[in-house]
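Remarks on the structure that follows.
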Amino acid sequence: MDIQNYKTFLKNQYLIPSRQILHENMDANFKIFENYGLKNLSDLKQAISTPAKIDKLSKETKILPEYLNILRRELGTFDKTGTGLERINGIGPQAAKAFYEAGYKTVKDVANSTKEELLEKITKVNNEKQYYKAKLGLKDMQFVIDYANLIVHFES
């Protein structure tokens with residue numbers, strides 16, 4: 001994915017409070033990345049892959065190292081490969097089992113659900129099978145649906 005498409009993806013994503021810094025000066029920062037020669041996610045990931053590289057990029061671009069470090073973490077959640085449900089931020093291997101058994105076989109299935117339906121079905125499966133310990137709510141389900149919709153949108 002090129003860096004501008006990722007910026008659009010990130011701009012449309014709900015970010016947890018500790019990552020909302022990424023929305024600050026986003027257009028300017030991503031323009032700096034491009035001017036620096038970072039054209040795609042692979043380039044960006046490589047440029048911020050270690051603390052030393054983050055420090056170097058920060059000094060050369062004047063983008064705060066805190067911003068770059070949070071961006072590195074967020075890229076890690078986005079850069080899931082494959083076709084499964086685990087590509088959705090917030091769904092790990094155990095939760096993916098619950099989603100699958102509840103009838104959500106694809107990212108598109110999740111994107112087309114409602115938060116109420118999703119919560120009801122996932123909770124029922126998890127209560128029976130005990131895949132994970134977390135108590136999820138409607139906000140969690142909306143986050144998963146929103147992220148699934150972003151994936152569907154950017155893949156089409």
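The values are calculated or read from the model by the stated rules, or taken from the named source; none is laboratory data. Everything quoted here is computed from the prediction, not taken from an experiment. Backbone-built Cβ (ideal geometry, glycine too); neighbour counts: all protein chains shown. Protein only, heavy atoms only, side chains kept; ligands, DNA and RNA dropped before computing areas. Shrake-Rupley method; radii C 1.70, N 1.55, O 1.52, S 1.80 Å.
Miscellaneous remarks
- Alpha carbon centroid spacing (whole Å) that separates segment 30-45 from segment 103-156: 32 Å
- Here r is the Cβ-Cβ distance between Gln94 and Asp43 and R0 is 35 Å; the resulting FRET efficiency, rounded to 0.05, is 0.60.
- Calculated [222 nm] ellipticity per residue, helices only, for the chain: -19000 deg cm²/dmol; basis is -39500 (n - 2.57) per DSSP H run with n ≥ 4, divided by all residues, nearest 500.
- Applying 1/(1 + (r/R0)^6) with R0 = 25 Å to the Cβ-Cβ distance of Thr61 and Asn5 gives a FRET efficiency near 0.80.
- Inter-site label distance for His153 and Gln20 at 7 Å from Cα along Cβ, in nm: 2.0 nm
- For segment 59-125, the Kirkwood hydrodynamic radius from C-alpha pairs, put into Stokes-Einstein at 37 °C and a viscosity of 0.692 mPa s, yields a diffusion coefficient of 239 µm² per second.
- The chain: relative contact order in percent, alpha carbon pairs under 8 Å with at least 6 residues between: 21 percent
- Residue separation of Thr114 and Glu128 scaled by 0.36 nm, minus their Cα-Cα distance, works out to 2.9 nm of gained length.
- Applying the criteria of a DSSP loop state and at most 12 other Cβ atoms within 10 Å to the trypsin sites (Lys or Arg not before Pro) of segment 10-83 yields Lys62.
- Of the labelled figures (1) 11.5; (2) 9.2; (3) 12.8, only one reflects mean projected area of the Cα convex hull in nm² as derived from the coordinates, namely (2).
- Cα-based reach from Lys59 at 24 Å (exclusive), listing lysines while leaving out same-chain residues under 8 positions away: Lys7, Lys31, Lys39, Lys45
- Charge dipole (Cα centre; +1 on Lys/Arg Cβ, -1 on Asp/Glu Cβ; no other charges) of the chain amounts to roughly 320 debye.
- Heavy-atom accessible surface of Tyr132, to the nearest 10 Å², is about 40 Å², with a 1.4 Å probe and all protein chains retained.
- Between the listed residues Asn127, Leu22, Ile32, the Cα displaced farthest toward the positive end of the dipole of the chain, a dipole computed from Cβ unit charges relative to the Cα centre, is found at Asn127.
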